[in-house]
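Peer 1: There's a structure below that I have some questions on.
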Amino acid sequence: PFSSSADRSMALLARRSRRAATKAAAPVAVELSIPAHFRCPISLDLMRDPVTAPTGITYDRESIEAWLDTGRAAVCPVTHAPLRRDDLVPNHAIRRVIQDWCVANRSRGVERIPTPKIPVTPVQASELLFEVAESARARDRGAAARCAAAVARVRALARESERNRRCFASIGTGRVLAAALESLAAGGGEPAGGVLEDVLAALVRMAPLDGETARILGSPRSLGSLVAIAENGSLAGRLNAVMAIKEVVSSCDGACTDLGVKADDIVDALVKIIKAPICPQATKAAMVAAYHLARSDERVAARVARTGLVPVLVESLVDADKSVAEKALALLDAVLASEQGRESARMHALTVPILVKKMFRVSDLATELAVSAMWRLGKNAGGDEGAATKCLVEALRVGAFQKLLLLLQVGCRDATKEKTTELLRMLNKHKGVGECVDAMDFRGLNKLS
């Protein structure tokens, strides 16, 4: 038995030794190293579309164009010699060598870089825009189809690369597409469906829009089409319509006198998007557009309040991210400029607590907007004095006094400082009624923030 047990042990050790030797003999995978001359000097990544500057330095197109777009001096990053975007020349030789290297290392997980497509030229772009403009004005049977085909081509080329998009934008594509939208809207009938949405999708691709493009989009016919698409179009169409409306109202800073009788229709369409979101991008664009409209005219602010949007904005602040919170607070503050807005906000139990909570928790901008909104609620501008007092007492109860004192200590803009000081005076009148925390106990100010 002893001998048998020893033999088994020796055999087990031998097997383990053979396995260990096999593992040691197996080839060790070595991380693939990209040759230095295949790397872009800016990103240090494998170049996908190499271009060479007059200085002889080769870069990846995306990296060097991003470098030139950031506002830096128009110089070569390596040699600091003057450099313009038009000076960059595609380096087909190095691209082919990189592609061959990728193919040779395919078994090691390297994918072959695609051959870059030839960028569109200003002449080609102008020819496409001419076709868009001509077919949009025509009224024959095949005009809508020709317009749709030309617009689809513009959109596809602009989507291919940022270089193509800039090429189209530089020759006034936004103005041509806005005029085409207006012509198609005036014609009605067949193109009122898909073609309008196609034109709109290509137009939004050119954002930010210049003043002339926004002016054309602000015509009654165009605005009517945008509102109709925002309310009843496809999901993509509704998003693009809201983005376009935002561009229009932002360019005129929401001046409703320039928008005519369409202001109420625009408000209704924007509120519909905010109340029943289709995507975060559309919701934020609708909030920005509604803010510009409400800020410019108290009548529009009252209209927004009558749609029942104030409770929606208050409740959206509960778990909103920074971007949404800032936009919702800005719109809420603009709506509170109207008595209807203040009345609606005062009736909601969460309004004051959520405003106080957002101070120092989101951003400096959000803090200033929350203070402005509380200031509007606390002021009795010809409204219900009892409701304003109730808001001030509630603000004291949830710790607004301490946060406002802290805001004065850390500093803020002059306009916010004036509102904060006035708000503290108003709160001080009711300290004995609603304050749960001793206003003179400043030891916990940092914790309260």
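Every read-out reported here was derived from the displayed coordinates using simple, explicitly stated rules and does not represent laboratory data. Remember, it's a predicted structure, so these values are computed and weren't measured experimentally. Glycine also receives a Cβ, built like all others from the backbone with ideal geometry; neighbour counts cover every protein chain displayed.
Peer 1: With θ set to phi - 60° and the Karplus curve 6.51 cos²θ - 1.76 cosθ + 1.60, what are the ³J(HN,Hα) couplings of region 408-417 in order, to the nearest whole Hz, using x for Gly and Pro?
Peer 2: Once θ is set to phi - 60°, the couplings for region 408-417 become 5, 5, 7, x, 6, 5, 4, 4, 5, 4 Hz.
Peer 1: Using square roots of five times the C-alpha gyration tensor eigenvalues, list the equivalent-ellipsoid semi-axes of region 122-343 in whole Å, biggest first.
Peer 2: In descending order the semi-axes read 33, 17, 15 Å.
Peer 1: Compute and list, largest first, the equivalent-ellipsoid semi-axes of region 211-365 from the alpha carbon gyration tensor, each √(5λ) rounded to a whole angstrom.
Peer 2: 26, 16, 14
Peer 1: Residue by residue through region 302-315, which ³J(HN,Hα) values in whole Hz follow from phi under the Karplus form 6.51 cos²θ - 1.76 cosθ + 1.60 (θ = phi - 60°), with glycine and proline marked x?
Peer 2: Result, ordered by residue: 5, 4, 4, 5, 5, 6, x, 7, 4, x, 5, 5, 4, 6 Hz.
Peer 1: Could you give the spread of the C-alpha atoms of region 70-130 along their three principal axes, from largest to smallest, in whole angstroms?
Peer 2: For region 70-130, the Cα extents along the three principal axes come out at 45, 39, 21 Å.
Peer 1: I've got another one for you. Express in whole angstrom the spacing between the alpha-carbon centres of region 312-338 and region 79-134.
Peer 2: If you average the Cα positions of each part, the centres end up 44 Å apart.
Peer 1: Moving on to the next point. In terms of Cα to Cα distance under 22 Å, which lysines are near enough to K246, apart from those fewer than 8 places away along the same chain?
Peer 2: K262, K272, K275, K284, K322, K327
Peer 1: Please list, in chain and number order, the residues 5+ apart from D45 or on another chain whose amide H is under 5 Å from its amide H, with Hs placed from the backbone.
Peer 2: When sequence neighbours closer than 5 places are left aside, the close amide H contacts are C40.
Peer 1: Please compute the Kirkwood hydrodynamic radius over region 32-108, one decimal place, Å, based on all pairs of different Cα atoms.
Peer 2: So the Kirkwood estimate lands at 13.0 Å.
Peer 1: Give me the number: length gained by fully extending E298 to A81, i.e. 0.36 nm times residue separation minus the C-alpha to C-alpha distance, one decimal in nm.
Peer 2: 72.6 nm
Peer 1: Set the Förster distance to 45 Å, then compute FRET efficiency between K272 and A66 from the Cβ-Cβ distance, nearest 0.05.
Peer 2: It comes out at approximately 0.75.
Peer 1: Put +1 on the Cβ of every Lys and Arg and -1 on every Asp and Glu Cβ in region 122-343; which of A178, L129, L200 then has its Cα farthest towards the positive end of the dipole?
Peer 2: My answer, from the dipole projection, is L129.
Peer 1: Given H placed on each backbone N at 1.01 Å, which residues far from V75 in sequence or on other chains put an amide H within less than 5 Å of it?
Peer 2: Under 5 Å from the amide H of V75: L83.
Peer 1: Roughly how far apart, in whole Å, are the Cα centres of region 147-206 and region 208-240?
Peer 2: That distance is 12 Å.
Peer 1: Using θ = phi - 60° and the Karplus relation 6.51 cos²θ - 1.76 cosθ + 1.60, list the HN-Hα couplings for region 226-241 in order, rounded to whole Hz, with x at every Gly or Pro.
Peer 2: Each residue of region 226-241 in turn: 4, 5, 4, 5, 4, 8, 10, x, 5, 4, 5, x, 5, 4, 5, 5 Hz.
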